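Please read through the structure below; I'll follow up with questions.
The values are calculated or read from the model by the stated rules, or taken from the named source; none is laboratory data. In this text the structure is predicted, and so the values were computed from the model without any measurement. Just so you know, the surface numbers come from the protein's heavy atoms only, side chains and all, with ligands and any DNA or RNA stripped out. Shrake-Rupley method; radii C 1.70, N 1.55, O 1.52, S 1.80 Å.
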Amino acid sequence: MNKSYTEQLAEWVKKKNAVKKRDRNLVMFQAVKNDVCEAISAGYAIRTVWENMYETKRVTIGYHQFLKYTNQALKKANQTRPKQNTTQLVPKKGAKPPERPNPSNQQKPQNFKFDPSPNKEDWL
């Protein structure tokens, strides 16, 4: 009997013991992704989070790869977050615009007087 391609592929994967480093690192980061995002939202620097996880052997990847995975995770998290409702900023049809203060109505200081002819004694 001939085996299907998926069966042949499954056997080949089982025989191939070496897992690619990239795949292992990505899976490792996915395991700690929620903790990383939580720590960053709490105000910790990415470098601090990586150093702690590296010393405690939660991750074995380098900082630059960790930074890359973290930025990707944060970008995805920001894209899935619902956007704020900006319809409040658009005035309703027929509504009067808010009044702005008129600078000509404001009182000017009474103690200041401009003298166009300079006093030479003040120059020194």
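Quick one: which residues, 5+ away or cross-chain, put their amide H under 5 Å from the amide H of Ile61? H built at 1.01 Å from N.
Long-range HN contacts for Ile61: none found.
In addition: Under a straight-distance cross-link criterion of Cα-Cα below 20 Å, which aspartates and glutamates are reachable from Lys33, leaving out those fewer than 8 residues away in the same chain?
List returned: Asp23, Glu51, Glu55.
If DNA, RNA and ligands are ignored and the probe is 1.4 Å, what is the ranking of Ile61, Ile40 by accessible area, most exposed first? Let's see the in-between values first.
Values: Ile61 5, Ile40 40 Å².
Of Ile61, Ile40, the descending order of accessible area is Ile40, Ile61.
Output needed: percent of Cα pairs per 5 Å distance bin for segment 1-71, bins running from 0 to the one holding the longest distance.
3, 14, 23, 17, 9, 8, 8, 7, 5, 3, 1, 0, 0
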